[in-house]
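Report on the structure given below.
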């Protein structure tokens, strides 16, 4: 008769986690452990595909680092605004289980020979919580097979590999959709239990993996793994949070713009109510598609990219506030063009005394023509399926928004007040970032990008905008080359 195992996971665990609440007839500890390793396995399968494509090999430390990146993304998506509250607990939980894992493997298996190891392994399994040893050995085998596959496929093993982490474009292209998929299944399986059970077990599993590989490497402690792993968790929490915030802001802008199309008067017929319901449904579809398409974006990695991302988030937040105050789109469109032009022109060699003699709005037509000409002459990029669907949905939404002619008809009594309000707000925002030593070119680039985005309300199709966005650098260079010619006319 098999002796019943009665080893519990050590406390404390994450907030709201109680393994005693896991019922055998519903979602047992075995289910929790298996699902955690299955999540890790799914992730490693996708990671291997990306690394094969990039012709990269891996060492155990870097594989575990990637798992910690996955954990950081999962923490943020599963908990969102509460994710930061878990950071210290997760750090301690992972470290504690890594040390427990190493001590257990060393106690039972260190210096044992093949003849007696099987018996000692059985004793190790009996002296550890749940089925964590079995799951760790399985996951370790998956990782070893993955590393072997990567090494065998590497065409030139003598070639110096500069990067240790999967290229960020490829990494985020599968990371966020996969975490979202795992989140949905966890919510179904836990059925009301705290989602922290998932984070807790993933953290424990990665900790045991750290201890296991440290044992295999004959390391005296887990520090050589943890010094790489632990910093990646908050780093990818930040990356993921910024991505979610950017997506949320874009959704708020869409909603605010849509609200401008609703007449202030009570609709006289039911068709208007139906149309607003359809518009709301369309916005939901666009939001879901935006989540999928923006999940493919890589995080900012350089100082320039990070500062551009931060300023863009601040500018988009300001736009949401101004649109919520019923500032006219035409006023926003013209104001942002003015601030971009007056900031960018001196960077292109136009002296301030010459700039003061120019009227930026006299050039807006020429610049628009140049942008459209440059865009037209570039080859059409191959968009992903989600982007194509999003283009179609955005075009449908635009049919429910005011026409360009309606946007141009700003009542004269609104112009002075709104122009002052918008100009002051944009000037204050840009000045604040410039005082923080953000490079003027970063500010100018983001202003130009935001101005281009608003152009979809002035006759530019969503597909044309996507092409403009794809070739943003080429378009920006064409405009930069044009600006110095203005004073020579």
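The values are calculated or read from the model by the stated rules, or taken from the named source; none is laboratory data. Since we're looking at a predicted model, the values are computed, not measured. Ideal geometry is used to build each Cβ from the backbone, glycine not excepted, and the neighbour counts take in all protein chains shown.
A compact table of results
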item	result
Flag for residue 90 being farther than 16 Å from residue 10 by Cβ, at pLDDT 90 or above and in a helix (DSSP H, G or I)	no
Only one of 373, 393 that is modelled with pLDDT under 85 and out of contact with any strand residue (DSSP E or B) (no Cβ under 8 Å at 6 or more places or on another chain)	393
Residues located in the range 103-125, provided they are under 21 Å from residue 33 (Cα atoms) and either modelled with pLDDT of 95 or more or touching a helix residue (DSSP H, G or I) at 6+ places or on another chain (Cβ under 9 Å) (or both)	103, 104, 105, 121, 123, 124, 125
Tally, over the range 213-226, of residues that are surrounded by fewer than 24 Cβ atoms within 10 Å (Cβ to Cβ), assigned to a helix (DSSP H, G or I) and modelled with pLDDT of 90 or more	4
